[in-house]
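Visitor: Sending over a structure as structure tokens; questions will come in a sec.
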Amino acid sequence: MERIAAAFGLLNGAPIEFERVADVPEGGVLFALPALLLYGLLDKSREIFSMPEGFYPLESIFLLLALMALARIPSLESLRYVAPGEWGKLIGLDRIPEVRTLRHKLAELCSQRGRAERWSGMLAKQWMEGEVHSSSGVFYADGHVRLYHGKLTALPRRYVARERLCLRGTTDYWINAMDGRPFFMVSYPVDPGLLNVLEHDIVPRLRAEVPGQPSEEQLAAEPLSSRFCIVFDREGYSPKFFARMKEQRIAVLTYHKYPGEPWPEMEFRTQSVRLVNGEVVELQLAERGVRLSNDLWVREVRQRSKSGAQSSILSTDYRSDLSRVAAAMFARWCQENFFRYMRQHYNLDRLVEYGVEPLPDTTQVINPPWRALDYQIRSQNALLSRERARFAEIQLAQQLEPAQVQAYELGKGQLQQAIEKRCQDIEQLKTQRKAVPKYILVKDLPEQDRFQQLRAEKKHFLDTIKLIAYRAETALAQLGREKMHRLDDGRSLIRQVFRTEVDLIPDHQNKTLTVRLHPLTAQVHDEVIKYLCQELTSTETVFPCTDLRLIYEIAGSG
């Protein structure tokens, strides 16, 4: 009857009802439900999003998309290959929607531009407020290129480090916590560069939203204190940028792009450093105060490896001790691990919808003639470097015949002339490049060079749900790690839980819904799961749109 009523527009969501069922495949994903709700999966969902009346409640669509991400279902189309009735049991319905229906619902949710960005921004602020102590005021910024191999538009090429090639794509700049948990990202079809994004988008947003910042009175009373610290890689190295951030009382932490000569071994001392995962390691550290090219005084911290190699770190955080600075810099790899994990397990780079939309006319892009001249200069400089290397390798032997001396002088003279000629060509190209503006507006591009941006509303919406799912999985892994040794082992265990069958046992009299997980492959894992069940049950989570309190247990635990 509910489906008939929905067909005539008389039903705004079928009632969520559970029946006693056994052996529901992949039902372990329900173990993540308390964390999904904690991280805001349904917060403000009805306030920000809306759908026409129908059989599937809005909450069931959000919950289904999150459970799909946790179950590693790579796309909406992949739902064709799962049992709709079995998955329906997990959300209290007779079946999940068909792919066509789900796509229609997604289009309705993302029909208004900016909804997804508003929702993700609200969640990011909520996450920062909830993790003000664990994040310690340290934020990590880095770019990630989502490759595009389609033919709808010719996006600009950019260098992709993991591929070591210049490829077409869209650049997303992410802000993460010290342990890799994401807060938010900003996307650019035309990459303005890390420094530009930091100064004009990320820093103003963090200043407005980061909780627990010192007041103006506290900053005035403590000249060396800072609002928070931003960590980034060598791409953001700029003494002028460091100085502007210092004026705003924002600390920066990055690798030194021009470290100079190695420091003497005698300067290094063994320090105990607690890494972000809780592990304590012994590192050889040394510190100096240095002045950069703009006369800015900064801390330079170096770590010496067993092989003798030295990593140089610059920081304007003048309050933290040496080991904390080193730990904060080395924790940057957590963000790299986040990118890798999201690509492998959550299809972060997957294209969600086909279509393009025009770029704003005020968007600045690289001027094609400037780019062509810059490419020629780079090519000529590479050839010049090789010629100079060959010139340095030509050496006069101790004993040579006059004919050999003459050949030596002729060859070296010709190479010297070629080097001088190439230097003149490079200077001419630089003069031409200087006369050409580097940036122009996208509306001023020649017709053959114009491009559009990919549609991003649905992508942003689904990416936000994936971030919630990732945070929920991370929370479960960290909870399991209390009974295990490594966080990676915890993640593997949680993924195994998600793939495991469950029995669902509703008790309408006592208003409970028991999620009984089938035993895992090892007894030691079952012991960890027992602990997880106790902790999850203690949250007293109520299944959305019902009055059933969730109880978690593993079969045979009684």
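Visitor: Of the residues that make up region 218-227, is at least one assigned by TED's automatic domain parsing to the domain that holds Trp174, touching a strand residue (DSSP E or B) at 6+ places or on another chain (Cβ under 6 Å) and not acidic (Asp, Glu)?
Guide: yes
Visitor: Can you name every residue in region 67-89 that is aliphatic (A, V, I, L, M) and more than 18 Å from Phe18 (Cβ to Cβ)?
Guide: Within region 67-89, Met68, Ala69, Leu70, Ala71, Ile73, Leu76, Leu79, Val82 meet the criteria.
Visitor: I've got another one for you. With the requirement that a residue be surrounded by 12 or more Cβ atoms within 10 Å (Cβ to Cβ), under 30 Å from Phe241 (Cβ atoms) and among the aliphatic types (A, V, I, L, M), what does region 263-312 give you?
Guide: Within region 263-312, Val273, Leu275, Val276, Leu283, Leu285, Ala286, Val290, Leu292, Leu296, Val298, Val301 qualify.
Visitor: Could I ask something else about it? Could you say whether any residue in region 218-233 is assigned to a strand (DSSP E or B), under 17 Å from Ala141 (Cβ atoms) and of a type in the set (Gly, Ala, Ser)?
Guide: No, there is no match, as no residue in region 218-233 is assigned to a strand (DSSP E or B), under 17 Å from Ala141 (Cβ atoms) and of a type in the set (Gly, Ala, Ser).
Visitor: Also: Here is a list of conditions, (1) touching a residue at least 24 places away in the same chain (Cβ under 8 Å); (2) within 30 Å of Arg103 (Cα to Cα), and Gln344 meets all of them except one; can you say which number that is?
Guide: So the condition that Gln344 fails would be (1).
Visitor: Sort out which residues of region 96-147 are surrounded by 15 or more Cβ atoms within 10 Å (Cβ to Cβ) and on the phi > 0 side of the Ramachandran plot, and write them in order of number.
Guide: Passing the criteria: Ser136, Gly137.
Visitor: Same structure again: Given Gly150, Gly180, which one is in contact (Cβ under 8 Å) with a residue 60 or more places away in the chain and exposed (fewer than 14 other Cβ atoms within 10 Å of the Cβ)?
Guide: Answer to the selection: Gly150.
Visitor: Tell me which helices (runs of 4 or more DSSP H) are completely within region 11-86 and hold 3 or more residues being under 19 Å from Thr541 (Cβ atoms) and among the hydrophobic types (A, V, I, L, M, F, W, C), or say none if there are none.
Guide: Of the helices (runs of 4 or more DSSP H) lying wholly inside region 11-86, those with at least 3 residues that are under 19 Å from Thr541 (Cβ atoms) and among the hydrophobic types (A, V, I, L, M, F, W, C) span 33-38, 58-70.
Visitor: Could we say that Gly193 is touching a helix residue (DSSP H, G or I) at 6+ places or on another chain (Cβ under 9 Å) and more than 18 Å from Arg343 (Cα to Cα) here?
Guide: It is true that Gly193 is touching a helix residue (DSSP H, G or I) at 6+ places or on another chain (Cβ under 9 Å) and more than 18 Å from Arg343 (Cα to Cα).
Visitor: Would you pick out the residues in region 299-328 that are touching a strand residue (DSSP E or B) at 6+ places or on another chain (Cβ under 7 Å), within 11 Å of Val138 (Cβ to Cβ) and either at pLDDT below 90 or charged (D, E, K, R) (or both)?
Guide: Passing the criteria: only Asp317.
Visitor: In region 236-270, how many residues are under 27 Å from the mean Cα position of the chain (by Cα) and in a helix (DSSP H, G or I)?
Guide: Looking only at that region, the number is 9.
Quick grid of which residues meet (1) among the basic types (Lys, Arg); (2) in a strand (DSSP E or B); (3) under 30 Å from Gly480 (Cβ atoms):
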site: Ser272; (1), (2), (3): no, yes, yes
site: Gly278; (1), (2), (3): no, no, yes
site: Leu285; (1), (2), (3): no, yes, no
site: Val290; (1), (2), (3): no, yes, no
site: Asp295; (1), (2), (3): no, no, no
site: Gln303; (1), (2), (3): no, yes, no
site: Lys306; (1), (2), (3): yes, no, no
site: Ile313; (1), (2), (3): no, yes, no
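Visitor: I would also like to ask the following. Within the bounds of region 520-527, is there any residue that is among the charged types (D, E, K, R), touching a helix residue (DSSP H, G or I) at 6+ places or on another chain (Cβ under 9 Å), in contact (Cβ under 8 Å) with a residue 40 or more places away in the chain and surrounded by fewer than 19 Cβ atoms within 10 Å (Cβ to Cβ)?
Guide: The answer is no, given that none of the residues of region 520-527 is among the charged types (D, E, K, R), touching a helix residue (DSSP H, G or I) at 6+ places or on another chain (Cβ under 9 Å), in contact (Cβ under 8 Å) with a residue 40 or more places away in the chain and surrounded by fewer than 19 Cβ atoms within 10 Å (Cβ to Cβ).
Visitor: Tell me which residues, restricted to region 334-381, are over 25 Å from the mean Cα position of the chain (by Cα), not in a helix (DSSP H, G or I) and not hydrophobic (A, V, I, L, M, F, W, C).
Guide: Within region 334-381, Pro358, Pro360, Asp361, Thr362, Asn367 meet the criteria.
Visitor: Which number in (1) farther than 19 Å from Thr541 by Cβ; (2) charged (D, E, K, R); (3) in contact (Cβ under 8 Å) with a residue 24 or more places away in the chain marks the one condition that Arg481 misses?
Guide: Checking Arg481 against (1) farther than 19 Å from Thr541 by Cβ; (2) charged (D, E, K, R); (3) in contact (Cβ under 8 Å) with a residue 24 or more places away in the chain, the one that fails is (3).
Visitor: Oh, and also: Go through region 329-365 and give me each residue that's under 30 Å from Gly137 (Cβ atoms) and among the charged types (D, E, K, R).
Guide: Across region 329-365, the qualifying residues are Arg332, Glu336, Arg340, Arg343.
Visitor: Among residues belonging to region 357-399 that are touching a Leu at 6+ places or on another chain (Cβ under 8 Å), modelled with pLDDT under 90 and of a type in the set (A, V, I, L, M), point out the one that is surrounded by the fewest Cβ atoms within 10 Å (Cβ to Cβ).
Guide: Residue satisfying both the conditions and the ranking: Ile394.
Visitor: If Leu63 meets every condition in (1) modelled with pLDDT of 95 or more; (2) in contact with an Asp or Glu (Cβ under 9 Å, 6 or more places away or on another chain) apart from one, which number is that one?
Guide: (2)
The values are calculated or read from the model by the stated rules, or taken from the named source; none is laboratory data. The shown structure was predicted, so the numbers you read here are calculated from the model rather than taken from an experiment. Note that we place each Cβ from the backbone using ideal geometry, even for glycine, and neighbour counts take in every protein chain shown.
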